[in-house]
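Below is one structure, written out as structure tokens; comments come after it.
FYI, it's all coordinate maths here, none of it is from the lab. The model shown is predicted, which means the values in this text are computed figures rather than measured ones. Here Cβ is always computed from backbone atoms with ideal geometry, including for glycine, and neighbour counts include all displayed protein chains.
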Amino acid sequence: MKYIGGLLGCLMVSFSIQAQELYVFSDPASNLPARSVSAKLTARFADLPNSGQIRQRYMPELMVGLHKNWMARLSTSFSNFYQSGQKWESAKLYAKWRFFSEDGIHRHFRLAAFADGAFSRNELVYDEMNLDGDNSGFQLGLIGTQLMHKLAISGTASYMRVYDEKLKTMPDMHDKDAIAYSLSAGYLLFPKSYADYEQVNLNLYVELLGMKGFGPGMYYMDIAPAIQLIFNSSTKFNLGARWETTGNMSRVARNNYFLSMESTFLNVLKKRKK
């Protein structure tokens, strides 16, 4: 019973401290707890220009807390963005290293570095670059997150490079590398105070997501509001939208809508014996 109580207590503390930085469209500098596993399924619905159809992409993800400072994520995707029926299209591996943490009471500041690489079966069609199903490539970046009681602010800057045969024959028509950036804010609206781990968390988010290419120099900036519910301190339900505010990149879609569900399982990986 002591073990179960301690486990639930750790779980509750983890979510109460960091709930408002579990962003929907970006990652914070904080990590998944060590020796924990999280499974997530994201559905993206996009209104493709001139098609009159709503396209769908599904992305299952598996995340692992390797250490308090290290985590990894493996994901894949299926969509009908580039053809009439749902097909497997990509795989991606992501790793994050939290290298700085300054913790206080109801506040902390953290810095992390990340890297990810993706393989996609899709050919280069649009100016927009991403590693969530559309392109093959890699990304390297830095994240800084500041938590202040119920408000969390996070910023990300990264370099992205994509690969495609068309870039060899048409180097002046498409950007092949870019700077991507985000500014995210999350606010814990409910509960006002924690009594037990079964309380439902309600978090509100708004994020600015942008990209600026090298070469032709195409760009975009999106605004992405979202709402998040956390049940039993372990299962998250996210509902969000992503709308372009400005830009000149050709894109799969300028308006997108997202649903996702994620469950976290603490201490499921055995601790290495000394």
Worksheet entry | Range of Cα positions in the stretch 56-196 per principal axis (Å), largest first | 56, 32, 27
Practice prompt. Order the peptides 143-150, 75-82 from the highest to the lowest mean number of other Cβ atoms within 10 Å of their residues.
Written response: 75-82, 143-150
Worksheet item: Expressed as an acute angle from 0 to 90° and rounded to the nearest 10, what is the orientation of the C-alpha long axis of helix 2-18 relative to the principal long axis of the chain?
Response: 50
Worksheet item: Taking the Cα-to-Cβ direction at ASN69 and at LYS192 and moving 7 Å from each Cα, how far apart do the two end points lie in nm?
Response: 4.1
Discussion item. Students often get this wrong: which residues of the stretch 41-83 have the backbone nitrogen under 18 Å from the point 7 angstrom along Cα-to-C-beta of GLU123?
Written reply: 80-83
Discussion item. Quick check: convex hull over the Cα atoms of the stretch 2-265, volume per residue in Å³, rounded to an integer?
Written reply: 122
Item to complete: Figure the gain on full extension for LEU202 and PHE99 (residue separation times 0.36 nm, minus the Cα-Cα span) and round it to one decimal in nm.
Response: 34.2 nm
Worksheet, complete the sentence: Excluding residues fewer than 8 positions from LYS236 in its own chain, the lysines with Cα under 18 Å of it are LYS40, LYS150
Worksheet item: Sorted by packing (mean other beta-carbon atoms within 10 Å per residue), highest first, where do 264-271, 179-186, 24-31 land?
Response: 24-31, 179-186, 264-271
Worksheet entry | Under-5 Å amide H pairs with LEU189, H placed in peptide plane, nonlocal only | LEU202, ASN203, LEU204
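Considering all alpha-carbon pairs of the stretch 195-274, what whole percent are spaced by more than 18 angstrom?
59
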Worksheet item: What dipole magnitude, in Debye to the nearest 20, does the stretch 146-274 give about its Cα centre under +1 on Lys/Arg Cβ and -1 on Asp/Glu Cβ?
Response: 700
Worksheet entry | About the Cα centre, charge dipole magnitude for the chain (Lys/Arg +1, Asp/Glu -1 at Cβ), debye | 1200
Item to complete: For the stretch 220-226, just list the computed ³J(HN,Hα) in residue order, Karplus coefficients 6.51, -1.76 and 1.60, θ = phi - 60°, integers in Hz, with x standing in for Gly and Pro.
Response: 7, 9, 10, 10, 9, x, 7
